[in-house]
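Values in this text are rule-based calculations from the coordinates and carry no lab data. Predicted model only: the values in this text are computed from it and were never measured. Heads up, the Cβs are rebuilt from the backbone with ideal geometry, glycines too, and the neighbour counts pull from every protein chain shown.
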Amino acid sequence: MQVEIWSDVVCPWCYVGKRRFERALARFPQRAEVEVLWRSFELDPSAPRRRREPAVERLAAKYGMSLGQARASNARLEALGAAEGLTLDFEATQSGNTFDAHRLLHLARARGMQGALQERLFRGYFSEGAPIGEAETLARLATEAGLDEAETRAVLASDAYVEEVRADEEQAAAYGITGVPFFVLDRRYGVSGAQSPDLFLQALERAWADAHPAPGLRAVSGDEGPSCSDEACAL
C-alpha cells in the first residue's frame, strides 16, 4: 500500500501530523507493506530565500492578531508539539523559500533516504532555527541525513528535480488540496490535516481492506434469490 503525504517543511502541523501518522503506522499490522512518499507543497512559493521578520510578526500580520495573541497562539502549538515529543521553537525559526528543500527531498527519494531527510529538515527548521531556504543550510542538513554532499551540492546548483516538484504541486491542485498536511492512501482515500493516530489507523485499515479483500465470493445483487439450504426446498 502506498501513502503519499503532501507537506511543506515550514508547516508545524505537517511535523505534528508526521508524528501522529507514525504512531498509527506503528500499530498497523501490515506496516512493513506500506510505502510512504513525501510530496511537494509550497505554502508560499513567492517567499524570499530568507525572511528577516520574526515569525510572530508574520503570524500577527497574517491573521490580524496582536503580538501578544500571536505569541500565545505559538505557545499553544509548541505545547501541542511537545505532547507529540517534538520541540517547536517559533522564536528561533528562520523561514524562507522551500523550493530547493523540496528538490532535495526528491533526490533523497531516489536514494532511498526521503524519510530521513524529511525528519532532518523538520527538526532543523523547527527545533534548531536553521535558515531553511539557504543552500548551505540545506547541504548540511541533507548530508547529516545521509545524502552524499557532492551530489547534494550539485543538485542545489542545478535545476535537477524541478519538474518533479512541479508535478507534485500540479497533482495537489488536481486533487483540490489547498492545505497541508494531506495524506492520500492508494490514490483512493484522502485524509486532511494532522488527524489523531486512531483516525489514521482507521484509514490505513480501510485502504488495506479495499486492496486485499477477504477470500470468498461477492454477491452480484444485494437480495437473496430462491435457493435450497437442504434437500427440502420450499416454493
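The figures follow:
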item: Output for region 134-174, where each listed residue is within 26 Å of PRO54 (Cβ to Cβ) and touching a strand residue (DSSP E or B) at 6+ places or on another chain (Cβ under 8 Å); result: THR137
item: Restricting region 41-76 to residues that are without any contact (Cβ under 8 Å) to a residue 40 or more places away in the chain and among the basic types (Lys, Arg), the residue that is farthest from PRO12 (Cα to Cα); result: ARG52
item: Tally, over region 90-112, of residues that are surrounded by fewer than 22 Cβ atoms within 10 Å (Cβ to Cβ), over 15 Å from the mean Cα position of the chain (by Cα) and over 14 Å from VAL9 (Cα atoms); result: 5
item: Filtered residue count, region 160-189, keeping only those that are free of Cβ contacts under 8 Å to residues at least 12 places away in the same chain, in a loop (DSSP other than H, G, I, E, B) and more than 25 Å from ALA211 (Cβ to Cβ); result: 1
item: All positions within region 77-89 that are assigned to a loop (DSSP other than H, G, I, E, B) and either among the charged types (D, E, K, R) or free of Cβ contacts under 8 Å to residues at least 40 places away in the same chain (or both); result: GLU84, ASP89
item: Residue count for region 103-155, restricted to those that are over 29 Å from GLN2 (Cα atoms) and basic (Lys, Arg); result: 2
item: Test: residue in region 52-72 that is among the β-branched types (Val, Ile, Thr) and either more than 29 Å from ARG103 (Cα to Cα) or assigned to a loop (DSSP other than H, G, I, E, B) (or both); result: no
item: Subset of region 57-89 (residues that are among the acidic types (Asp, Glu) and under 22 Å from the mean Cα position of the chain (by Cα)); result: GLU78, GLU84, ASP89
item: Selected residue (criterion: farthest from ALA110 (Cα to Cα)) from residues of region 19-51 that are in a loop (DSSP other than H, G, I, E, B) and under 17 Å from the mean Cα position of the chain (by Cα); result: ASP44
item: Residue in region 43-59 that is of a type in the set (A, V, I, L, M, F, W, C), in contact with a strand residue (DSSP E or B) (Cβ under 8 Å, 6 or more places away or on another chain) and under 21 Å from GLY81 (Cβ atoms) present; result: no
item: Helices (runs of 4 or more DSSP H) (entirely within region 93-159) containing at least 3 residues that are closer than 27 Å to ARG58 by Cβ; result: 99-110, 114-128, 135-144
item: Within region 102-122, considering residues that are free of Cβ contacts under 8 Å to residues at least 60 places away in the same chain and of a type in the set (A, V, I, L, M), the one farthest from LEU138 (Cα to Cα); result: ALA110
